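The values are calculated or read from the model by the stated rules, or taken from the named source; none is laboratory data. Bear in mind that the values here come from a model prediction, so they are computed numbers and not experimental data. All accessible areas refer to the heavy atoms of the entire protein, side chains included, with ligands and DNA or RNA removed. Shrake-Rupley method; radii C 1.70, N 1.55, O 1.52, S 1.80 Å.
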Amino acid sequence: MHPKAQPIHRLPRAVVFDLGKVLLEFDYRIAARALAADSDLDADAILEILDQSPLLHRYERGALDSRAFEREVRERTGYRGTTDAFGRAFADIFTEVAAMTGVLDELRRIRVPAFLFSNTNELAVRHIQSNFKFFEAFERRVLSYEVGAMKPDTRAYEAVESVTGLQGADLIFLDDRADNIAGAERRGWQVILHECPDRSRDELRRRFALG
């Protein structure tokens, strides 16, 4: 019996990375516990307000700016800390995934352009930019709150194509969510469903003959 044939992939011209759960782990329970120390609600109740909630999605679509988001959280939780303390508590929830940021460095060394494509918000980006060096490695960043659309909205993928000047199989996209990957596949992008840092790193190395 012959082994199952592996698909033949055209070499992409650019790599598009998701951020959360790919390059950075994050945990909104950290934010909830920090905010609870100066709030009327406990951490579990605050987590329901923050973690992938309608309020967070409004913020990450750009329907709320940071000031309006903070105001709504204060109204719902009774938070009494300063604005600076709120920003730190909300955004300091990330841990770098070294296996993935390392392959980003490898791609830069062979001059493969890398782009960031993330459902995220201004407070998170401000914190990440100040604390994680790899964030400066991208040619450009397509951020949901800036373009007014979140994956898997078609408009978000169109923004990536506009920024990169590339379409279809010229792009390879890594994301941890199957619905976001499906949105890219509908546009003909090459994709890697990110389930394990080592597997995603090895797949990128194989595609680009790294290492």
Exercise. Show the residues, 5+ positions off or on another chain, whose built amide H is closer than 5 Å to the amide H of Val191.
Key: Phe173
Quiz item: When the chain is fully extended, how far beyond the present Cα-Cα distance does Ala178 get from Lys133, taking 0.36 nm per residue of separation?
Solution: 13.4 nm
Quiz prompt | Where Arg61, Arg74, Arg177, Arg67 fall by accessible area, highest first, once all protein chains stay in place (1.4 Å) | solution = Arg67, Arg177, Arg61, Arg74
Quiz item: Using a ≥ b ≥ c from the Cα gyration tensor of segment 123-211 (square roots of the eigenvalues), is it rounded, prolate or oblate, where a/c under 1.5 gives rounded and otherwise the larger of a/b and b/c decides, a/b for prolate?
Solution: oblate
Practice problem: Could you do me a favour and compute the accessible area per residue for the chain, 1.4 Å probe, result in Å²? | Solution: 52 Å²
Quiz item: Just the accessible area for Arg199, please: 1.4 Å probe, Å², rounded to the nearest 10?
Solution: 150 Å²
Self-check item: Of all accessible heavy-atom area on segment 1-104, the percent that carbon and sulfur account for (1.4 Å)
Solution: 50 percent
Exercise. Classify segment 84-175 as rounded, prolate or oblate, taking a ≥ b ≥ c as the square roots of the eigenvalues of its Cα gyration tensor: rounded when a/c is under 1.5, otherwise prolate if a/b is larger than b/c and oblate if not.
Key: oblate
